[in-house]
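Bear in mind that the values in this text are calculations on the coordinates, not laboratory data. Note that the coordinates shown come from a computational prediction; the quantities given were computed from them, not determined experimentally. So basically every Cβ, Gly included, is an ideal-geometry build from the backbone, and we count neighbours across all protein chains shown.
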Amino acid sequence: MTERPNPGAGQAPGASALGETKQEFDMDAVVGYILLIGVLISLVLVISALIWRWLNTHTLSFDYKITGMNLFQLVLAEIRLAVRGAFRPRLLLSLGIAMLMLTPYIRVLASMVYFMAWLKNWKYSVFTAVVLLTLTYSLFLR
């Protein structure tokens, strides 16, 4: 009886023929979960705000504008209203929008940590840091 050659022999556990390691696959799963959880939380907040609004006013329209505000200003303004006792559907809607905007930010942050800490790939770390700085500017500073 002859032995068949094992195509995975000599490779690290979890490695495929394409050179993908288990760590890279796990990072794909982490990124997927970050995106899924962020969108689901946002969806729950927005739907809750719409239901609350409908129960109070029998309308789904919100009469406020968020133009001219960055994410930090939006969240800060809503938190100030909540602290003053103005807890209303608008707060949930704003938090849902904020969560949806923060989801890609958290994803890029997790990727940068992964490239720096686990892979120690400085080229990808620098590229990801540039993307993170751009997102930081657009979400919080502009």
For Leu100 and Trp122, what is the calculated FRET efficiency with R₀ set at 41 Å and r taken between the beta-carbons, to the nearest 0.05?
0.85
List the chymotrypsin sites (Phe, Trp or Tyr not before Pro) within the stretch 36-92 that fall in a DSSP loop (any state other than H, G, I, E or B) and whose Cβ has at most 13 other Cβ atoms within 10 Å.
Tyr64, Phe87
I want to check the label-to-label distance for Tyr64 and Leu81. Put each point 7 Å from Cα in the C-beta direction and report it in nm to one decimal.
0.1
Those trypsin sites (Lys or Arg not before Pro) from the stretch 52-84 that are DSSP loop and have at most 11 other Cβ neighbours within 10 Å turn out to be Lys65, Arg84
Hits in the stretch 58-83: amide N under 20 Å from the 7 Å Cα→Cβ extension of Tyr137, namely 68-73
Could you tell me, in Å, what Rg and Dmax come out for the Cα atoms of the stretch 22-141?
17.5, 55
